[in-house]
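Heads up: the structure comes next, in structure tokens.
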Amino acid sequence: MLHFFCFSPSLIYSKILLNHYSRRLDAMNQTHAHSPVHSKHRPLILMACMLSMFMAAVEVTIVATAMPTIIVDLGGFSLLGWVFAVYLLTQAITVPVYGRLADLYGCKKIFFIGTTLFLVGSVLCGFAPSLTWMIAFRALQGLGAGAITPIATTLIANVYGPQERAKAQGYLASVWAVSAIVGPLLGAFIVSHFPWAVVFWVNVPLGLFAMAILMRYLPADTQRKQHQLDLAGTGLLTLSVASLLLALLQAEALGYWALALIGVAILSGCLLVRQERRTPEPLFPLALWQSKVIIAGNIGGLVIGATMMGISAFLPTFVQGVMGGTPLQAGTTLAMMSIGWPLASMLSGNLMQATSYRATALLGALLLVCGSLILLLLTADSGLWWARLAALTIGAGMGLCNTTFLVSVQNAADVSIRGIATASTLFTRMLGSAIGTALLGATLNLNLEKRLPGITDPVQQLMEKQSRLSMDPTQLGTITDSVSASLHWVFIVAAVISLFALAAGTLIPAGERPKGAPQREG
């Protein structure tokens, strides 16, 4: 019964999508006589990829809800940040590595290896005797999660042709919206009725079911030539990315040591470039840097990741701290971004066919800029619907930009480098999120120190109900105005970052679109 409960929300979700889009997918599949996958099996492969991506995406939100309960049981509050940081760190580091491994040794094999590592880490997290051990097991989870998203995305690109990929990737994008909404609710329910270990074990039946489908219906990888992974390049990439992300994610705790880590990241990055130029089989093939479309996709991923943090991390703070809203109101406001993203992603395919990659990406970038400008108009007296409109607009912009950049990269890349091309786009988005978090967080902290030098944690004081009620009206007004002005500077920086999405869109050659005429549906 427990496994049925854990498995059923995602299974029901997947069945609804499968039934809803079956007719459209059948129309899409008619053009794929060249594919080794039978047309009736493609929706099953899509469902398996959606389940696996849901499994990895929901991990952060569902664990965040359960962490207070876990801390009470295991202790180690000072290590709390590492439970999340180590998962994101190991995942980000391994994404490009898995992408290249998939090109060299086959997607199916590498996907199963990554998913197995993720599931083993999930099981072990539930048995963790202390927070230190949980951090170690979360690192193992992250090592596996680095394979799931890029390879699942690449599998869909291999199964569907150029003109159908946008629709299929739009369905994958809906997974992130569902995980953002379902994760916290499911996590709260589990810790209220079951041991907290179930939060980690909920992924096991999902992963096994997805692996069973792919094992049954996904053809074996074609015979490949003997290759050798660029181990020196992999080591330098790991050192560079780990140093940079660690400096960004733990900058406040590390102090000046963060500068030393950034220096290590720059040095190892330079050595990586040198290594890539000399090795016969580089981790990042030269073809990646010769395509304007792929370069645009990577710049776009970086911008999208950084812009996303401006709303994900700081809009709920504005709603609760400045507007005086409840956590539920902040959550429903942020949920509008999760609604706008997949809806726009699903529409992007038709837009790309009717116009071009560039036009669709520029439209998405304009929506990002417009949503950021709406954020600048927010005040303490603004209605929540203005904040929700900003979230919806930014979410729609991200949906158009992200899907367009991803599909254009996959269509531009040769099949021999499609895995690393896809992974590089997803990797830059993760890197952008880390950079955006550090940059926008520093902007907020510097403004608060300037405006409220003698007050400790003013944002926290506004967000705690009892602390807020204990303030006299004058003090409350002063702190609220200062926090509001500081957050507006955060939104200004986020708006400036979003302008770079326009620049990334203009890098895509004009007139390019998915190859082949769009297929009739029905």
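The values are calculated or read from the model by the stated rules, or taken from the named source; none is laboratory data. A quick note: this is a predicted structure, and the numbers were derived from the prediction, not measured. Cβ atoms come from the backbone with ideal geometry, glycine included; neighbour counts cover every protein chain shown. Accessible surface is based on the protein model in full, side chains and every heavy atom, while ligands, DNA and RNA are left aside. Shrake-Rupley method; radii C 1.70, N 1.55, O 1.52, S 1.80 Å.
The rows are residues; the columns are (1) open to solvent by less than 10 Å² (accessible area, probe 1.4 Å); (2) on the phi < 0 side of the Ramachandran plot.
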{"residue": "R388", "(1), (2)": "no, yes"}
{"residue": "T403", "(1), (2)": "yes, yes"}
{"residue": "S408", "(1), (2)": "yes, yes"}
{"residue": "N411", "(1), (2)": "no, yes"}
{"residue": "G419", "(1), (2)": "yes, yes"}
{"residue": "F427", "(1), (2)": "no, yes"}
{"residue": "M430", "(1), (2)": "no, yes"}
{"residue": "D457", "(1), (2)": "no, no"}
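Scanning for something within 21 Å of A128 (Cα to Cα), in contact (Cβ under 8 Å) with a residue 60 or more places away in the chain and out of contact with any Pro (no Cβ under 6 Å at 6 or more places or on another chain), does the range 207-225 turn up at least one residue?
yes
With respect to I435, is the statement that it is out of contact with any strand residue (DSSP E or B) (no Cβ under 8 Å at 6 or more places or on another chain), crowded, with 23+ Cβ neighbours inside 10 Å and modelled with pLDDT of 80 or more true?
no
Somewhere in the range 99-113, is a residue touching a Gly at 6+ places or on another chain (Cβ under 6 Å), buried (at least 24 other Cβ atoms within 10 Å of the Cβ) and of a type in the set (F, W, Y)?
No.
One residue is enough: does the range 50-57 have a residue meeting the conditions crowded, with 16+ Cβ neighbours inside 10 Å, within 22 Å of the chain's Cα centre (by Cα), within 27 Å of A413 (Cβ to Cβ) and at pLDDT below 85?
yes
Quick check: is even one residue across the range 472-479 charged (D, E, K, R), surrounded by 13 or more Cβ atoms within 10 Å (Cβ to Cβ) and farther than 30 Å from E281 by Cα?
no
Can you spot a residue in the range 374-384 that is assigned to a loop (DSSP other than H, G, I, E, B), touching an Asp or Glu at 6+ places or on another chain (Cβ under 7 Å) and either open to solvent by less than 40 Å² (accessible area, probe 1.4 Å) or under 29 Å from A510 (Cα atoms) (or both)?
There is no residue in the range 374-384 that is assigned to a loop (DSSP other than H, G, I, E, B), touching an Asp or Glu at 6+ places or on another chain (Cβ under 7 Å) and either open to solvent by less than 40 Å² (accessible area, probe 1.4 Å) or under 29 Å from A510 (Cα atoms) (or both).
Can you tell me how many residues within the range 158-181 are out of contact with any Pro (no Cβ under 6 Å at 6 or more places or on another chain), over 12 Å from T403 (Cβ atoms) and of a type in the set (G, A, S)?
Looking only at that region, the number is 3.
Quick check on the range 321-333. Is at least one of its residues in a helix (DSSP H, G or I), out of contact with any Leu (no Cβ under 9 Å at 6 or more places or on another chain), free of Cβ contacts under 8 Å to residues at least 40 places away in the same chain and open to solvent by 40 Å² or more (accessible area, probe 1.4 Å)?
Within the range 321-333, one or more residues are in a helix (DSSP H, G or I), out of contact with any Leu (no Cβ under 9 Å at 6 or more places or on another chain), free of Cβ contacts under 8 Å to residues at least 40 places away in the same chain and open to solvent by 40 Å² or more (accessible area, probe 1.4 Å).
Name the pairs whose Cβ atoms lie under 8 Å apart, with the first residue in the range 254-277 and of a type in the set (A, V, I, L, M, F, W, C), the second open to solvent by 70 Å² or more (accessible area, probe 1.4 Å), and 6 or more positions between them or separate chains?
That search, which allows pairs on different chains as well, returns V264/L239; A265/L239.
Of the residues that make up the range 158-172, is at least one more than 15 Å from L214 (Cβ to Cβ), free of Cβ contacts under 8 Å to residues at least 12 places away in the same chain and surrounded by fewer than 20 Cβ atoms within 10 Å (Cβ to Cβ)?
No, the conditions are met nowhere in the range 158-172.
For the list (1) closer than 20 Å to L302 by Cα; (2) surrounded by 18 or more Cβ atoms within 10 Å (Cβ to Cβ); (3) β-branched (V, I, T), I need the number of the one condition that T234 fails.
(1)
For the range 463-473, check the following and say yes or no: at least one residue is at pLDDT 85 or above and not hydrophobic (A, V, I, L, M, F, W, C).
No, the range 463-473 contains no residue that is at pLDDT 85 or above and not hydrophobic (A, V, I, L, M, F, W, C).
Going through the range 340-360 one residue at a time, which ones are farther than 20 Å from W176 by Cα, surrounded by 18 or more Cβ atoms within 10 Å (Cβ to Cβ) and either small (G, A, S) or without any contact (Cβ under 8 Å) to a residue 60 or more places away in the chain (or both)?
Those that are farther than 20 Å from W176 by Cα, surrounded by 18 or more Cβ atoms within 10 Å (Cβ to Cβ) and either small (G, A, S) or without any contact (Cβ under 8 Å) to a residue 60 or more places away in the chain (or both): L351, S356, A359, T360.
Kindly indicate which of L124, L89, L155 is touching a residue at least 12 places away in the same chain (Cβ under 8 Å), within 17 Å of V204 (Cβ to Cβ) and outside any loop (DSSP other than H, G, I, E, B).
Only one candidate qualifies: L124.
Pick out, from the range 182-297, the helices (runs of 4 or more DSSP H) lying fully within it that include 1 or more residues that are over 30 Å from T403 (Cα atoms), at pLDDT below 85 and within 22 Å of the chain's Cα centre (by Cα).
Correct list: 251-254.
Identify all residues within the range 409-445 that are under 28 Å from Q329 (Cβ atoms) and over 22 Å from the mean Cα position of the chain (by Cα); write none if there are none.
Matches in the range 409-445: T443, L444, N445.
Check I497, I479 and return the single one that is closer than 27 Å to E252 by Cα and without any contact (Cβ under 8 Å) to a residue 60 or more places away in the chain.
Of I497, I479, the one residue that is closer than 27 Å to E252 by Cα and without any contact (Cβ under 8 Å) to a residue 60 or more places away in the chain is I479.
If R138 satisfies every condition in (1) open to solvent by less than 10 Å² (accessible area, probe 1.4 Å); (2) among the basic types (K, R); (3) farther than 30 Å from M67 by Cα but one, which is the exception?
(3)
Answer yes or no: is there a residue in the range 497-517 that is farther than 22 Å from S348 by Cα and surrounded by 15 or more Cβ atoms within 10 Å (Cβ to Cβ).
yes
When you check R418 against the structure, is it basic (K, R) and modelled with pLDDT of 85 or more, yes or no?
Yes, satisfied.
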